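**Student:** One structure, pasted below without further comment.
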Amino acid sequence: MVDLKEYVPFTGLLIFGNIENLILASQGAVAHVDPFILGGLSIIAVIIWLLIGTYGTKIAIKYADYIEIIGGVAIIILGLQSMLEAFGVIP
């Protein structure tokens, strides 16, 4: 039985990670990437993160605060990059 209390510190990353996946998918759509390739790569990325999250949580739990800050910054940067590309500020 899995104790979900161990995963509570990573809840923010879970939520914002899904948003990041949507941002990356929209960037692929804007760049006219084949949707089947984009979908396949997205599924592969989700499976890899699931495995890393499942097996790495026990090791990373003591660093949860740092991981969440770094992940949040990365998500903000990717979101800003996506918006700037959509408005044509970044070619």
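**Student:** Just to be sure I understand, how many residues within the stretch 1-42 are charged (D, E, K, R) and open to solvent by 90 Å² or more (accessible area, probe 1.4 Å)?
**Tutor:** Final tally of qualifying residues: 1.
**Student:** Take the stretch 66-76 and flag every residue that is without any contact (Cβ under 8 Å) to a residue 24 or more places away in the chain and either more than 19 Å from I23 (Cβ to Cβ) or surrounded by 11 or more Cβ atoms within 10 Å (Cβ to Cβ) (or both).
**Tutor:** Within the stretch 66-76, Y66, I69, I70, I76 qualify.
**Student:** A further question on this structure: Looking only at the stretch 42-91, count how many residues are over 20 Å from T11 (Cβ atoms) and over 13 Å from the mean Cα position of the chain (by Cα).
**Tutor:** 12
**Student:** Is at least one residue of the stretch 43-65 in contact with a Pro (Cβ under 8 Å, 6 or more places away or on another chain) and open to solvent by less than 50 Å² (accessible area, probe 1.4 Å)?
**Tutor:** yes
**Student:** Any residue at all in the stretch 79-90 that is loosely packed, with under 15 Cβ neighbours inside 10 Å, free of Cβ contacts under 8 Å to residues at least 24 places away in the same chain and of a type in the set (G, A, S)?
**Tutor:** yes
**Student:** Determine which member of the set A25, A31 is under 25 Å from P91 (Cα atoms), touching a Leu at 6+ places or on another chain (Cβ under 7 Å) and of a type in the set (G, A, S).
**Tutor:** The conditions single out A25.
**Student:** OK, next. For the stretch 43-73, how many residues meet the condition of being β-branched (V, I, T) and at pLDDT 80 or above?
**Tutor:** Residues in the stretch 43-73 being β-branched (V, I, T) and at pLDDT 80 or above: 8 in total.
The values are calculated or read from the model by the stated rules, or taken from the named source; none is laboratory data. Remember, it's a predicted structure, so these values are computed and weren't measured experimentally. Every residue, glycine among them, receives a Cβ derived from its backbone with ideal geometry; neighbour counts consider all protein chains shown. Remember, those area values only see protein heavy atoms, side chains included, never the ligands or the DNA or RNA. Shrake-Rupley method; radii C 1.70, N 1.55, O 1.52, S 1.80 Å.
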